[in-house]
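Bear in mind these aren't lab numbers, they're just calculated from the coordinates by the rules spelled out. The shown structure was predicted, so the numbers you read here are calculated from the model rather than taken from an experiment. In this analysis, Cβ positions are derived from the backbone assuming ideal geometry, glycine residues included, and neighbour counts consider all displayed protein chains.
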Amino acid sequence: MADKDFPGWHGTTIIGVKKGGEVVIAGDGQVSLGQTVIKGTARKVRRISPGGHDCLVGFAGSTADAFTLLERLEAKLEATPGQLTRACVELAKDWRTDKYLQKLEAMLIVTDGKELFVITGAGDVLEPEHDVTAIGSGGNFALAAARALMDSDMNAEEIARKSMAIASDICVYTNGKLTVETIKG
């Protein structure tokens with residue numbers, strides 16, 4: 001999708017790193033409206049536990065849209081306990097075909113500690129090839145940094161934090177006030 005088709009795209013950076021039996025999702029805290037920083041301490045990474053199964057979700061894009069998708073994902077996970085792949089595919093199918101959901105402008109990174117996915121409004125459920133993924137305006141900067149660090153002695157959290165620091169130095173829509181959540185596989 002082009003930026004003009006996805007106006008919420010330029011608002012944040014979220015990264016997911018899977019290494020050493022754990023997955024970390026980290027997100028910055030900046031909320032921007034055009035060229036103005038509205039808030040610097042937003043929490044864009046959440047831990048959810050539908051049916052007693054812990055999952056982490058990070059979101060980029062419109063906040064209201066992301067929360068709508070988060071609620072839908074929780075419902076899918078409650079209907080299919082412990083089946084993250086199935087829940088994500090069902091959400092992506094609904095997102096792609098439901099006329100109301102089609103208008104939502106957000107992306108999600110989701111993990112249960114074993115699997116790591118990016119879910120998009122285009123109907124995609126993407127599993128990263130290199131155990132790292134990122135979304136948002138600073139996503140490519142964070143992704144490149146994390147990919148370079150994956151072979152280092154750093155653990156998943158250290159890689160996520162370092163990658164986010166690099167992204168926040170480059171992307172004006174990303175700050176260094178992080179929310180970091182870890183889940184074991």
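Extension gain, Ala79 to Ala64, is 3.1 nm, computed as 0.36 nm per intervening residue step minus the present C-alpha separation.
Quick one: dipole size for the range 99-185, taken about the Cα centre, charges +1 on Lys/Arg Cβ and -1 on Asp/Glu Cβ, in debye to the nearest 20.
The calculation lands at about 360 debye.
One equal scatterer on each Cα of the chain, no solvent, Debye formula: the resulting log10 I(q)/I(0) at q = 0.10, 0.11 Å⁻¹ is -0.34, -0.42.
Peptides 46-53, 34-41 ranked from most to least packed give 46-53, 34-41, packing being the mean of other C-beta atoms within 10 angstrom over each peptide's residues.
Going by average Cβ neighbours within 10 Å, how do the peptides 156-162, 123-129 rank, with the highest at the top?
On the way: 156-162: 21.9, 123-129: 15.0.
Output ranking for 156-162, 123-129: 156-162, 123-129.
Just order 164-173, 96-105 by mean Cβ neighbour count inside 10 Å, highest at the front, would you? Walk me through the numbers on the way to the answer.
Values: 164-173: 19.7, 96-105: 12.8.
Taking the mean over residues of other Cβ atoms within 10 Å, the ranking is 164-173, 96-105.
A simple charge model with +1 on the Cβ of Lys and Arg, -1 on the Cβ of Asp and Glu and nothing else charged puts the dipole of the range 3-184 at about 360 debye relative to its Cα centre. Rounded to the nearest 500, the helix-only mean residue ellipticity at 222 nm of the chain stands at -10000 deg cm²/dmol, with each DSSP H run of n ≥ 4 adding -39,500 (n - 2.57). Report the residues of the range 28-69 in range of a label on Thr97: point 7 Å along Cα→C-beta, backbone N strictly under 14 Å from it. Flagged as within label range: none.
What is the range 1-144's relative contact order, in percent, from Cα pairs under 8 angstrom and six or more apart in sequence? Don't jump to the answer; show the numbers that get you there.
On the way: 294 pairs, mean separation 40.9, N = 144.
Across the range 1-144, relative contact order equals 28 percent.
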